[in-house]
1. Which fully enclosed helices (runs of 4 or more DSSP H) of region A:583-642 have 2 or more residues being over 22 Å from B:Val157 (Cα atoms) and of a type in the set (Asp, Glu)?
2. Any chance you could count how many residues in region A:594-620 are crowded, with 17+ Cβ neighbours inside 10 Å and without any contact (Cβ under 8 Å) to a residue 12 or more places away in the chain?
3. Could you check B:Ile25 against (1) under 22 Å from A:Asn196 (Cβ atoms); (2) in contact with an Asp or Glu (Cβ under 8 Å, 6 or more places away or on another chain); (3) more than 10 Å from every other protein chain (Cβ to nearest Cβ) and say which number it fails?
4. Any residue in region A:82-99 that's within 24 Å of A:Ala113 (Cβ to Cβ): show its pairings with residues that are of a type in the set (Ser, Thr, Tyr) at Cβ separation under 6 Å, as long as the two are six or more apart or on different chains.
5. Could you figure out which of (1) touching a Ser or Thr at 6+ places or on another chain (Cβ under 7 Å); (2) more than 30 Å from A:Pro567 (Cα to Cα) isn't true of A:Ser206?
6. Could you pull out the residue among A:Tyr159, A:Tyr192 that is surrounded by fewer than 21 Cβ atoms within 10 Å (Cβ to Cβ), within 22 Å of the chain's Cα centre (by Cα) and in a helix (DSSP H, G or I)?
7. Looking at (1) closer than 30 Å to A:Tyr479 by Cβ; (2) in contact (Cβ under 8 Å) with a residue 60 or more places away in the chain, which is the only condition A:Asn575 fails?
8. Restrict the check to region A:581-593 and report whether at least one residue is free of Cβ contacts under 8 Å to residues at least 60 places away in the same chain, facing another protein chain (nearest Cβ under 10 Å) and hydroxyl-bearing (Ser, Thr, Tyr).
Amino acid sequence: MASSYDYDDGSLDTRYARPPSSGQGGGGAAELSYDPNFVPDSVKTFVVHLYRHIREKNVYEIHQMYEGSFQRLSDRMFRENPWPSVEAIAPYVDNDHVFCLLYREMWFRHVYARLAPTGQQRVESWDNYCSLFGVVLHGVVSMQLPNQWLWDMVDEFVYQFQSYCQYRAKLKNKTEEELQFLRQYDQAWNIYGVLNYLQALVEKSSIVDILEREKEGLEQFTATDGYDYEGGTSNVLKMLGYYSMIGLLRVHCLLGDYHTGLKCLAPIDISQQGVYMIVIGSHISTIYHYGFANLMLRRLALRSGRVDGRPGKVFGQLAGRSTKKSVRATNWENWQALLCPARKTGWFCSTRSGRLPISFAVPSRNTDMSNDADRPNLIGVSKLTAVPKSMAKFDWTCSIHLSIYLSPPIDMSLWNLLGVYRSAWRPVNWRPLSGGAVSGHIQTKMSEEDWLVECSARPVECSVRYVEAIREFNKILLYILKYKQYHQKSPQYDQILKKNEQMYALLAICLSLCPQNNIIEENVIIQLRDKYNEKMTKMLRYDDEAYTVYDELFTYACPKFITSSAPVLEEPLINYNQDAYRLQLKLFLYEVKQQQSLSSLRSFLKLYSAISIGKLAAYMEVDESTMRTILMAYKHKMHSVASDGKIIPNADIDFYISEDIIHVVESKPSKLYGDYFLRQILKFEEMISELDRVKLD
Amino acid sequence: MGREPQQVSYTVEQLVSVNPYNPDILTELENYVNEQVSSQTYSLDANLCLLRLYQFDPTRLSIAIVVRILIKALMAMPAPDFSLCLFLIPEPVQADEQIKTLIVLSHYLETARFRQFWDEAAKNHSLLEVVPGFEQAIQAYAIHVLSLSYQKVPRPVLAETINIEGLSLDKFIEYHVANSGWVLEKGTGRSQLIVLPRNEFNHPGLKKNSSDGMPFEHITRIFPVLS
């Protein structure tokens, strides 16, 4: 499964489907029949239309042309040659500077994908990116471009950088001319430039602020996919800033600085839906690098019990049951205005269209919500549904029905609570339900169809965010499994498949280092077993062969690490492109080695509920003092340190020692029935709503 | 230079978060490392930034500074800071004798081989004494590991782990009995037992059991359906 780690420009590039006839080695020059100034008619039409669509901000059309026509024309006419040069097409687009930069960006991307770029072309591409980003950073761009294109820009930027580092690290077979070229253009693709451009994009776009404000409900970013449908302002800088965060994560992983990489990604909350999911390439790249960084940081399976530490950041949900037919409220703005808050607390209501903030006051014991620990177990959040009396805009009735369970001991006065609700809305008729619940019914507009939704609230804890390598891999692999057939036509299909395989390899490594019981979904487990069952058994044995397997899988799955420093262009000329990779591999295997005895310890612990240290030492054939060492090492390795410094346990088998006896504690695995039922319920619901829509004559 | 330490560290932290990819801040970061050593503070981000800059420009790398950073990272255990730093240090540099010693020390700590660790540390006293507070930091880590594993730890085990014996050990235990909730007990035979405070790692009852739980977020997905 693992291929040899020889990153070779061009010939082993699996990013795009390689047309069978191209077989050019390094430094491929264009065919003799290529005339950079000849512009076929189809290309003429293409650029003219594209230019017009960009000017008219017709994002959908741009996307069609970018994904569809460009690929088709490349397949048909430019399999072995580059597209016509930018000077040739410039007259057809009024010599528009920005369009020319965009065209050149696509031009170079095509060369990288289908041909093999020369040193000259690499440097020119760098210049082009500098100009393009320069224009964007100056804030003079007013166009809207599809997210796919913007992601591809950042993705390609990092990829070309990585490719250049590999290229210039292979000095052995370079001609004197090429060496001279490297000496002359030593500033091209320098590490400072790359990082500073990405950083500048993040900062200039204020994307971190935008995401922060979005959490408070003050900004619409995710909901509109980053576009600005109404205002028409440019999404280019914003989206480039967003994708640059992922770009920074990638670059830092390539350097081996995983901690900073994760910090760069921190503003994006990957446990939630986000813009990064829209373009499948960005989704996969984010999760892959995120998972890999966590693997190297030894954060294999964390469970974080708190969200943000910010007070009021809890959301609850209600089960709803309607007595009459209901329709989802689509005009959220109306209802939001009606829920005038007594005090903003950051409660959320989850509806089908996402998480929407609701504000109302919920008093705690001392009306102080700032301390998480003091918050009582109650949530009052409703789901909003509305029944249209007619299609006139404000002729809707909204009912919010709240039931609040108060779990003892609560010493706050019930009236106090109800009083708050009563003042927030009117009228409220509270009636008691069984089990200590209270339900109230609020109507904002009187209507004949007086209509209730029975809701009940359950006490919930703070939202639990699972942030770890295994879980994220699990999610993305499931996602790819489900949706990969839709992307078969896309040029990134190969890339998606490759990353898919790599992530399975990483998941196999994670599970061998830190066996878990419940987290992986069934489909993913099946695939994993298919591919890696044998290897995983080998890895768990921790003998010499195991290290070979770890080596193999790591080599296959790791990103292509780079050496960021400038090459030393004097004799003796060596190839040092593999140095960085070898270092990371060595440190990784070193870490694996440290866990050698832990696996056999684990298998023994599974058998006993209590055992003395002496006995266990005898079974494991070590002396008692070594035994204690192994036990403590197990504890240390199985507890990782989260980013906020808290200690989080990873292991499914745990123990504690009392003087000389080890008491084993095993967390019981539970069957994933719940998950299965959830999935089926949702599927059936979809089917039923489909059927509902069928009109019977 | 007459600047207060508070002021300098504030500026350095700002630099690291705002403009980290800038070779000009290299000297400032080096000074900051020395300051961390002398004032017994620690900043992972600044040190990683410096190691990155060294990686970008190996001619400016200073072994002495790297050694200091690594010792500081060792003191930050159980956090994996030492490995994080190693990822950024090129192999030729890692072949340096001092760094090799530190790697061996880190290996002992990671695998909880405390006796071997203290032996090796004693042999390399001159290397480690440049950073004040080293011993105390490692002892704190040792106690952390003990608290994870033991409810009741025999005195000899404690002594070996933190490398204190005799009267000093008595004083040490006294201090923790007074401040950290340790309790002395009589064990089997004549040995002393130290009862460590209960936490969720050495007392499974205190651990929140997520056995039957499904993540609440999953259940929220079907709420629209249930209406």
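No lab work stands behind these numbers, since they all come straight from the coordinates. Only a predicted model underlies this, so the values are computations on that prediction, with no experimental measurement involved. Glycine gets a Cβ as well: all are built from the backbone with ideal geometry, and neighbour counts include every protein chain shown.
1. So the answer is none; nothing clears 2.
2. Adding up the residues that qualify gives 1.
3. (2)
4. So the pair list comes out as A:Val86/A:Tyr103; A:Val93/A:Tyr51; A:Phe99/A:Tyr51.
5. (1)
6. On inspection, the qualifying residue turns out to be A:Tyr159.
7. (1)
8. yes
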